[in-house]
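Contents: one structure, followed by commentary.
The values are calculated or read from the model by the stated rules, or taken from the named source; none is laboratory data. Predicted model, so just to flag it, every value in this text is computed and none were measured. Cβ sites come from the backbone with ideal geometry, for glycine too, and all protein chains shown count toward neighbours. Heavy atoms of the whole protein, side chains included, go into the accessibility calculation; ligands, DNA and RNA do not. Shrake-Rupley method; radii C 1.70, N 1.55, O 1.52, S 1.80 Å.
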Amino acid sequence: YLLDKSEKYDSRDVERLQQDDKWVDSYLIWRHDVVDDTLKMIDESFQWRKEYTVNDLSESVLPKWLFESGVLFLHGYDKEGYKLFWFRVKHHTKDPKQQLEKKKLVAFWLEHYAKRDHGKPLTVVFDMAETGISHIDLDFVRFIVSCFTDYYPNFLTKIVIFEMPWIMNAAFKIVKGWLGPEAISMLKFTNKNDVQEYISGEYLPPHMGGTDSFKYSYPPLVDDDFQTPLCENGPITSEDEHESKEESKEEIDADTKEAGELNEEQNLNQKKVGSIEQISKSEETDKTEIKPKNSKKALTTFKGPLLHISPAEELFFGSKETGEKKCLIVLTNITKNIVAFKVRTTAPEKYRVKPSNSSCEPGTSLDIIVSLHGGFAASLQDRFLIMAAEMDQSSGAGVQELTQFWKEVPRTKVMEHRLRCHVVESSKPSSLTLKENTLNIPAKNNEDLHIQLTHLLQINKRLQEQIDRCLWLQQLSVGVLLLAVAVVAFCFYLA
């Protein structure tokens with residue numbers, strides 16, 4: 001394929017295919033390890049990617065009105081923890097002149113998510129509430145479906161169709177014809193009464209029977225997990241901010257367990273005006289006593305252009321059984337300027353982040369304590385976003401200065417890094433948990449287990465085929481041998 005059609009591929013895709021085993025794996029799994037079918041899919045996918053310039057799609061390339069329409073966006077998770085890709089059908093109108101740009105918007109969102117979460121599967125939601133004939137566009141629906149079946153391998157978990165109008169029944173019979181048997185089994189037709197079998201109410205809008213107050217808006221680009229319930233360019237509503245307001249009115253009154261944390265806050269919010277002061281040795285000693293156990297687990301580091309962040313990917317929280325409710329994030333400023341940062345979360349009602357909006361001086365490290373409060377428990381769907389940007393030396397680093405800075409800083413100059421939550425369900429002693437993490441054994445999520453199970457089933461299938469082939473050859477050999485013995489015996493008889 002490469003020799004015959006090299007000019008039809010983007011060289012970046014070819015290079016990635018040669019280096020990224022996981023990408024190759026996803027194609028093979030989607031085509032059941034049949035190499036010829038896999039190669040054909042890669043060929044078609046690569047030609048499509050070059051035709052739609054997928055690697056170069058960005059906000060600046062696509063018209064602004066596409067994003068403002070709110071037809072397509074990523075937001076929330078289904079009950080299995082898969083990201084939801086929404087298609088609000090009532091906001092879509094069929095227009096041949098705009099079709100190519102709308103298709104590129106689909107490709108933009110899928111590529112945006114694939115790069116961010118390394119191709120983790122999606123659940124597609126066709127929200128067909130309040131739709132009519134003017135919204136019916138089978139060509140566009142077919143394109144969305146083909147993106148998952150032909151161009152983005154192993155990327156689809158299910159298609160949830162909400163309140164499909166009766167007028168679309170005949171149309172969706174045509175859609176089923178485009179899908180293979182496996183994809184057809186992924187179709188889930190729902191209404192208000194049963195949609196929560198697949199998506200919990202916290203990620204469903206009120207018209208679908210849910211409680212999600214999320215309202216799509218643009219700009220900025222929907223930061224999927226982190227737009228709601230956060231205010232624009234503002235920090236999360238966390239307890240440390242309420243405490244900082246109270247500190248101006250009265251003396252700090254806290255228990256001894258959190259003395260180190262509150263001292264840090266007092267330094268950040270009251271004593272610091274121009275920059276963050278270095279924490280004294282006595283304060284560091286106090287902090288080490290209250291650092292969460294999970295701080296030992298931060299063995300990996302994300303090396304960004306402004307900050308090094310540890311851990312790199314996951315915050316480890318304990319279940320109710322293990323009782324671990326605190327995690328430590330360590331930020332290290334590797335620049336020559338002050339770096340402002342803020343921490344956002346998808347569940348601000350659960351977590352308390354200290355500090356959540358502050359700055360870090362050149363060459364220094366800063367500890368951020370993330371803790372669960374009240375009766376809340378960590379969830380695999382919870383995410384954290386760390387945003388960072390360089391500040392001028394002349395500008396201060398007080399609360400007011402930081403607030404103004406985040407309002408004015410261009411989005412292109414903001415470094416972003418996301419962290420997932422991992423819940424340790426095991427009842428093993430903490431020493432055993434630590435040993436597992438010391439060996440750097442990756443945590444297995446549902447997707448990894450599904451991939452491994454699929455591999456095992458495919459291997460089992462191949463072994464069964466080999467056994468059947470061996471048995472057939474064995475039977476054939478026995479038959480030939482018996483025939484030969486019969487011929488020899490007959491020859492002796494004749495002799």
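Structural remarks
- Here region 1-83 is assigned +1 on the Cβ of each Lys and Arg and -1 on the Cβ of each Asp and Glu. Its dipole about the Cα centre then comes out at about 240 debye.
- The fraction of accessible area contributed by carbon and sulfur in region 57-208 is 53 percent, rounded to a whole number (1.4 Å probe; ligands and nucleic acids excluded).
- Cα-Cα over 24 Å, subset of 50/461; 97/188; 8/115; 97/158: 50/461; 97/188; 97/158
- Global geometry of region 11-54, whether rounded, prolate or oblate, following the gyration tensor of its Cα atoms and the 1.5 cut on a/c: oblate
- Dimensionless Rg ratio for region 57-208, taking C-alpha atoms and the 2.2 N^0.38 Å reference: 0.99
- Gained length - residue 61 relative to residue 412, 0.36 nm times residue gap less alpha-carbon distance: 124.9 nm
- The protection proxy used here, the mean number of other Cβ atoms lying within 10 Å of each residue, ranks peptides 301-311, 459-469 as follows, highest first: 301-311, 459-469.
- Fraction of accessible area attributable to carbon and sulfur, region 11-54 (%, probe 1.4 Å): 49 percent
- Computed from label points 7 Å out along Cα-Cβ, the spacing between residue 37 and residue 463 is 2.2 nm.
- What you get for region 57-208, charging only the Cβ of Lys and Arg (+1) and of Asp and Glu (-1), is a dipole of about 240 debye around the Cα centre.
- Spacing of the modelled spin labels on residue 480 and residue 133, each 7 Å from Cα toward Cβ, amounts to 7.0 nm.
- Solvent-accessible area, 1.4 Å probe, carbon plus sulfur percent, for region 306-414: 50 percent
- Ordering 382-388, 402-408, 44-50 by mean Cβ neighbour count within 10 Å, with the highest value first, yields 382-388, 44-50, 402-408.
- At an R0 of 45 angstrom, the distance between the Cβ atoms of residue 24 and residue 93 translates into a FRET efficiency of 0.70.
- Cβ-Cβ distance of residue 488 and residue 453, R₀ of 51 Å, FRET efficiency by 1/(1 + (r/R0)^6): the value works out to about 0.45.
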